[in-house]
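Shown next, in structure tokens, is the structure this report addresses.
The values are calculated or read from the model by the stated rules, or taken from the named source; none is laboratory data. Please read these numbers as outputs of a predicted model, since none were measured by experiment. Every residue, glycine as well, gets a Cβ built from its backbone with ideal geometry; the counts of neighbours run over all protein chains shown. Keep in mind that these areas ignore ligands, DNA and RNA; they rest on the heavy atoms of the full protein, side chains included. Shrake-Rupley method; radii C 1.70, N 1.55, O 1.52, S 1.80 Å.
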Amino acid sequence: MRRGIVLGALLTFGTLSFAVAAYQQPPGGGGQQAPRVVEVEKLKDNLFVLRGMGGGGNTAVFVTANGVVVVDTKNPGWGQPILNKIQELTSKPITTIINTHTHGDHVSGNVEFPATVDIVTHENTKSNMEKMAPVTSLTPPQTPPTNIFKANNGKGMPKRTFKDTMSLGSGSDKVDLYYFGRGHTNGDAWVVFPALRIMHAGDIFSGKNLPLLDANNGGSGVAIGDTLAKAANSAKNVDTIITGHSTQMTVTDLREYADFNREFLTTVREAKKAGKSVDDVANSWTMPAKYTGYAAPQPARLKSNVQVIFNELK
């Protein structure tokens, strides 16, 4: 059994927009693509994080007594590399995929898994996956992105959904799913492995950065701070959080991220009330000094987030 260990220093914060863009416009423009190398980080004897340059969101692999649970399956073309890497880690079959939200860099690999695999999402994510709408704040491609699930005759779509909570398995193999409200999208699932005290947050907590607020898929700059705080308050038995695109974090980091988003909302709300424009806010806002280690905001995302909040405050 071979396990490659990837150091967290290899990752950078704030990579979500590039990852989703890579889904919409695959690298190379149809030419030669870089090798899809899956790197493995072992968190526990039976829980691993799979990463890959250009692959998209962080994939979790939970090995249970009866099979393997996979959380998020990366960009198109990464399903088989994930399958190959899992076969190096265990001989057990893959039984379940959980998708944290609808974006193509977290769900597209679904279509490469066996049709027998159970796929679970939040009910809103299933609706979003049926449409695969363009992502807010990203420059759209010249033609609408292909709906990978329609192109594969529905393969890879969720077979089961939940509204507020759901539990899969039992005992040390138990996986708890939670929905705390809108944020990155309107279907962000939080995946908890209670026996391991670990949570996968997906892209509602992609890293210490300005979040991507995907209003086209129900995201909300007004709600995200409260949603994050609710998740932090519920995570009483969680020590480690797998982020959507960065290194592992803690509940303290999550609580700080909730405060950060609430403060951003307050700043935008007060600016709008004072008669300032979206451009006024986007051109003047800077990362507060107290949020050390946070990525500098990408100008396009900053302006988009301000616009999303302005629209919500109408």
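If R0 is 30 Å, the Cβ-Cβ spacing of residue 37 and residue 150 corresponds to a FRET efficiency of close to 0.55. Summarised as an ellipsoid, the range 201-314 has semi-axes of 25, 14, 13 Å, derived from the eigenvalues of the Cα gyration tensor scaled by 5 and square-rooted, with the largest first. For the charge dipole of the chain, defined by +1 on Lys and Arg C-beta atoms and -1 on Asp and Glu C-beta atoms about the Cα centroid, which residue among 158, 194, 232 has the Cα displaced farthest towards the positive pole? So the residue we want is 158. Mean-square fluctuations from a GNM of the chain, with a 10 angstrom spring cutoff on Cα atoms, peak among 248, 298, 80 at 298. Over all alpha-carbon pairs in the range 124-242, figure out the percentage whose distance exceeds 24 Å. Cα-Cα pairs in the range 124-242 separated by more than 24 Å: 33 percent.
For the range 214-303, the list of trypsin sites (Lys or Arg not before Pro) that fall in a loop by DSSP and count at most 11 other C-beta atoms within 10 angstrom reads 236, 290. Placing +1 on the Cβ of every Lys and Arg and -1 on the Cβ of every Asp and Glu, with nothing else charged, gives the chain a dipole about its Cα centre of roughly 120 debye. In plain terms, if you count all Cα to Cα distances in the range 28-182 and split them into 10 Å steps from zero, the share in each step is 10, 40, 37, 11, 1 percent. Net charge in the neighbourhood of residue 67 (other residues with Cβ under 12 Å of its Cβ; Lys, Arg +1, Asp, Glu -1) is -1. Within a Cβ distance under 14 Å of residue 227, other residues only, what is the Lys/Arg minus Asp/Glu net charge? Overall, the nearby charge balance is -3. Gain on full extension, evaluated as 0.36 nm per residue between residue 167 and residue 91 minus their Cα-Cα distance, stands at 24.9 nm.
The calculated FRET efficiency for the pair residue 270 and residue 237, based on their C-beta separation and a Förster distance of 51 Å, comes to about 0.85. Of the residues 249, 217, 207, the one whose Cα sits farthest towards the positive end of the charge dipole of the range 183-254 is 249 (charges of +1 on Lys and Arg Cβ, -1 on Asp and Glu Cβ, taken about the Cα centre). The fraction of all Cα pairs in the chain landing in successive 10 Å bins from 0 to the largest distance is 6, 29, 37, 21, 6, 1, 0, given as whole percents.
Per the Kirkwood formula applied to alpha carbons, the range 247-296 shows a radius of gyration over Rh ratio, Rg over Rh, of 1.05. Look at the alpha carbon pairs under 8 Å that are at least 6 residues apart: their mean separation over the length of the chain gives a relative contact order of 15 percent.
Relative to the longest principal Cα axis of the chain, at what angle does helix 224-234 sit, 0 to 90 degrees, rounded to 10? The two axes meet at around 50 degrees.
Note on residue 130: accessible area approximately 90 square angstrom, rounded to 10, probe 1.4 Å, nucleic acids and ligands left out.
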